[in-house]
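Note sheet for the following structure.
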Amino acid sequence: MSPAGTRIDHDIILDIVPRGAKVLDLGCGDGSLLEKLVRTKDVRGSGIEISDEGIRECIARGLAVLQEDIDHGLKDYPDRSFDFIILNQTLQAVKKPHVVLSEMLRVGEKAVVGFPNFAHWKMRSYLLMRGRMPKTEYLPYEWYDTPNIHFCTVTDFEEYCRKYSLRVEQRVYLSNDHGGRVLRGFGPNLFAESAVYLLSKK
């Protein structure tokens with residue numbers, strides 16, 4: 001959380017998405033990010049969420065949301081029907097990340113992807129010293145009830161973008177220290193707890 005009481009990854013995404021953009025938020029959860037975009041940036045926004053609880057919370061916020069499984073793709077949406085497709089803190093929980101990422105850049109002009117960095121030094125240390133699956137603020141689950149099934153690092157994601165010719169227009173590395181801050185300097189794969197990428201097709 002940032003000092004202002006908002007999530008720093010949300011703050012970064014709010015900075016990235018321009019006012020009035022047409023946005024689709026995949027795995028939108030309780031709708032908190034989408035609501036901020038609608039209210040502060042006047043976006044034309046809608047969301048997709050799979051959980052019943054998330055759907056109820058989105059509806060309570062007055063958001064347009066559909067209950068679907070994004071692992072099945074976005075077949076109901078034509079090419080380039082949105083300016084921005086957002087996938088924040090959901091990449092690690094989908095079964096078919098390659099399908100989801102490919103569909104994002106078919107349906108949207110640009111994609112915003114935020115994910116926890118599983119190579120952060122605290123996670124490495126936790127596993128080394130305790131011999132147990134790490135738990136952090138971003139990843140508070142036990143091994144047996146975690147929704148996370150694909151463990152991605154900053155380096156993994158960079159290699160994926162190179163392999164599939166995705167243009168990285170912006171990358172922001174984040175730490176939870178001091179209430180949440182943007183990291184400057186070297187070693188993001190070691191020091192970033194999460195990352196936010198702005199992508200487009202080459």
Ratio of the Cα radius of gyration of the range 134-202 to 2.2 N^0.38 Å, where N counts its residues: 1.25
If you line up the long axis of helix 121-130 against the longest principal axis of the chain, both from Cα atoms, how many degrees apart are they, to the nearest 10? 50
With all distinct Cα pairs included, what does the Kirkwood hydrodynamic radius of the range 82-187 come out to in Å, to one decimal, could you say? 15.3
Separation of the SER81 and THR136 label points, Cα + 7 Å toward Cβ, nm: 3.5
Express in whole angstrom the spacing between the alpha-carbon centres of the range 165-186 and the range 6-32. 16
Relative contact order of the chain: what whole-number percent is it, with Cα pairs under 8 angstrom and at least 6 residues apart? 21
Between LYS201 and ASP15, the FRET efficiency computed from the C-beta separation at R0 = 35 Å comes out, to the nearest 0.05, as 0.95
With the chain treated as a Gaussian network of Cα nodes joined by springs under 10 Å, which of GLU35, GLU49, GLU137 yields the largest mean-square fluctuation? GLU137
222 nm [θ] for the chain, helices only, -39500 (n - 2.57) per DSSP H run of 4+, per residue, to 500? -9000 deg cm²/dmol
Total charge of the residues flanking PHE157 in space, meaning their Cβ is under 12 Å from its Cβ, with Lys and Arg +1 and Asp and Glu -1, is 0
Choice from THR90, THR155, THR146 with maximal GNM fluctuation in the chain (Cα, 10 Å cutoff): THR146
Which value, in Å² rounded to 10, gives the accessible area of ASP145 with a 1.4 Å probe and all protein chains present? 90
With Cα atoms, 0 to 90° folded angle of helix 154-163 axis to the chain main axis: 50
Report, as a whole number in µm² per second, the diffusion coefficient that Stokes-Einstein gives for the range 10-83 at 4 °C and 1.567 mPa s using the Kirkwood radius over alpha carbon pairs. 104
Within straight cross-link reach of LYS75, meaning Cα distance under 25 Å, which lysines are found once same-chain residues fewer than 8 apart are removed? LYS22, LYS95, LYS96, LYS110, LYS163, LYS201, LYS202
How far, in nm, would the chain grow between LEU128 and HIS150 when pulled straight, counting 0.36 nm per residue and subtracting the alpha carbon separation? 5.9 nm
Length added when fully stretched, LYS22-SER165, from 0.36 nm per residue minus Cα-Cα: 49.0 nm
Please determine, in degrees from 0 to 90 and to the nearest 10, the orientation of helix 97-107 with respect to the longest principal axis defined by the Cα atoms of the chain, where the helix direction is its Cα long axis. 30
Whole-number accessible area per residue in Å² for the chain, which is evaluated in the context of all protein chains at 1.4 Å: 52
Would you report the distance distribution of C-alpha pairs in the chain as whole percents per 5 angstrom bin, up to the bin with the largest distance? 1, 7, 15, 20, 22, 18, 11, 5, 1, 0
With a 10 Å cut-off between alpha carbons and a GNM built on the chain, which of MET133, MET104, MET123 moves the most? MET133
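The values are calculated or read from the model by the stated rules, or taken from the named source; none is laboratory data. Since we're looking at a predicted model, the values are computed, not measured. Backbone-built Cβ (ideal geometry, glycine too); neighbour counts: all protein chains shown. When the accessible area is computed, the model is the full protein with side chains, heavy atoms only, and any ligands, DNA or RNA have been set aside. Shrake-Rupley method; radii C 1.70, N 1.55, O 1.52, S 1.80 Å.
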